[in-house]
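S.K.: The structure's right below; bear with me while I get my questions together.
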Amino acid sequence: MLTRLENKTKGRIEKQICQVVLDHFEKQYTTELGDAWTRVRDVLTYPLCWQYAILLNKFSQSAELETTLPARGYHPAFPRSLPYLPASFKCYIRRAPGRFPAQKHQAGKLKEYYLLNAASLLPVLALEVKDGEDVLDLCAAPGGKSVAILQCACPGQFHCNENDDLRSTWLKQTIESFIPDPFINLIMITKMDGTQIGDLKPELYDKVLVDAPCSNDRSWLFSSDIQQATLRLIQRKKLSSLQFQLLSKSSVENSDVINLILNSCSDVMPVDISELAKTVSQEFAFLSGTQKHELLVLPEKGRAWGPMYVAKLKKI
């Protein structure tokens, strides 16, 4: 009975996969990832094995929730031996797949936690924001990384930017759900063209997080609109150019874009984040052979986090 139910569920999921996107992923990632693509594919095409992390909100602490999580199989996602891990930053995960109940947005009431892919927190930890630093989250929607930054430190100025109208609304709602007065009044939310911020506000920020638009969003695989999915695949060809513009103002994506920046900008240098990857390797799987200033999280069964590419650069 259980086997029939599992097969039925699996069949229903497979029917939801957008074949045009999967075909494109097969072609690109077989070349880029080699044998690792088979393991990644098994996770991406089977959402029942996806995992979700629980990022606690320090502005709405619940001692009861934090006590309950270990009893439900959750444990801290990041070891205390990390080079940078503020005491106020608390995230819990478990090896078993599943999703903790989500909390609905309620005006005037703060949420206690944020559900997200744990790999999306690695860029925040790599950024190492400290109190009083001026920070720009350049492509901030839906807001998870902005919320995570504020769990780590209290920036001097915190600028969250998202130029898409719908996603900007989503970002504002996220901030309202997690950040209280008077802190929320210190956050500037804009809908500017991210490629122009560097010219408009040169040398203003100590730290910049660029979650550049990318083409490996696993949700694309389950698009119900084939025409929309096809349009996305056409648009994705422009993403490397956009990523370069976003990075240069504050070939292919990820490593090639970073190498292009390093080769064309004499005032930019790579920053070693290999210790971060090494310290969290028990919970995250990484592509081998990357350079010390970058890491690529690849989902696999039991460690279904990612895909997520992280690189750290410093302006001299």
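S.K.: Given H placed on each backbone N at 1.01 Å, which residues far from Glu294 in sequence or on other chains put an amide H within less than 5 Å of it?
M.R.: Ile273
S.K.: Taking the simple approach of a point 7 Å from Cα along Cα-to-Cβ for both Lys278 and Ala107, what is their distance in nm?
M.R.: For the pair Lys278/Ala107, the computed spacing is 5.2 nm.
S.K.: Per residue of region 78-95, in order, report the coupling 6.51 cos²θ - 1.76 cosθ + 1.60 (Karplus, θ = phi - 60°) as ³J(HN,Hα) in whole Hz, putting x for Gly and Pro.
M.R.: After applying 6.51 cos²θ - 1.76 cosθ + 1.60, I find 10, x, 5, 7, 4, x, 9, 7, x, 4, 7, 8, 10, 9, 10, 9, 9, 6 Hz.
S.K.: How big is the Cα convex hull of region 51-194 in projection, averaged over all directions, in nm²?
M.R.: If I average the Cα hull's projected area over directions, I get 8.7 nm².
S.K.: Taking amide hydrogens as modeled 1.01 Å from N in the peptide plane, which residues meet the under 5 Å criterion relative to Ala304, leaving out close sequence neighbours?
M.R.: Gln51
S.K.: Hey, any idea what Rg/Rh is for region 19-80, computing Rh the Kirkwood way over Cα pairs?
M.R.: 1.20
S.K.: Provide the solvent-accessible area of Arg95, counting protein heavy atoms only and rolling a 1.4 Å probe, rounded to the nearest 10 Å².
M.R.: 110 Å²
S.K.: Also, I was wondering about something else. Starting from the residue with the highest accessible area, list Asp23, Asp137 in decreasing order, probe 1.4 Å.
M.R.: Asp23, Asp137
S.K.: Over the alpha carbons of region 68-120, what is the largest minus smallest coordinate on each principal axis, giving the biggest first in Å?
M.R.: Over region 68-120, Cα extents along the principal axes are 38, 25, 22 Å.
S.K.: Tabulate in residue order the Karplus-calculated ³J(HN,Hα) for region 165-177, using 6.51 cos²θ - 1.76 cosθ + 1.60 with θ = phi - 60°, rounded to whole Hz; enter x for Gly and Pro.
M.R.: Couplings: 4, 5, 5, 5, 5, 4, 4, 4, 5, 4, 4, 5, 7 Hz.
S.K.: Any chance you could list P(r) for region 124-179, counting all Cα-Cα pairs in 5 angstrom bins from zero, rounded to whole %?
M.R.: Cα pair-distance distribution for region 124-179, in percent: 4, 22, 32, 25, 13, 4, 0.
S.K.: Which entries in the list Lys191/Lys314; Lys104/Lys207; Lys27/Lys172; Lys111/Lys312 go over 28 Å, if you measure between the two C-alpha atoms of each?
M.R.: Lys104/Lys207; Lys27/Lys172; Lys111/Lys312
S.K.: Please give the net charge around Asp137, taking every other residue with its beta carbon less than 12 angstrom from that of Asp137, where Lys and Arg add +1 and Asp and Glu add -1.
M.R.: The answer is -1.
S.K.: Which residues' amide hydrogens lie under 5 Å from the amide hydrogen of Val268, considering only partners 5 or more residues apart or on another chain, with H built in the peptide plane?
M.R.: Ile316
S.K.: Per residue of region 58-73, in order, report the coupling 6.51 cos²θ - 1.76 cosθ + 1.60 (Karplus, θ = phi - 60°) as ³J(HN,Hα) in whole Hz, putting x for Gly and Pro.
M.R.: 5, 7, 9, 5, 10, 4, 5, 4, 5, 6, 6, 4, x, 5, 9, x
The values are calculated or read from the model by the stated rules, or taken from the named source; none is laboratory data. Just so it is clear, the structure is predicted and the values come from calculations on it, not from any experiment. Cβ sites come from the backbone with ideal geometry, for glycine too, and all protein chains shown count toward neighbours. With ligands, DNA and RNA removed, areas are computed over all heavy atoms of the protein, side chains included. Shrake-Rupley method; radii C 1.70, N 1.55, O 1.52, S 1.80 Å.
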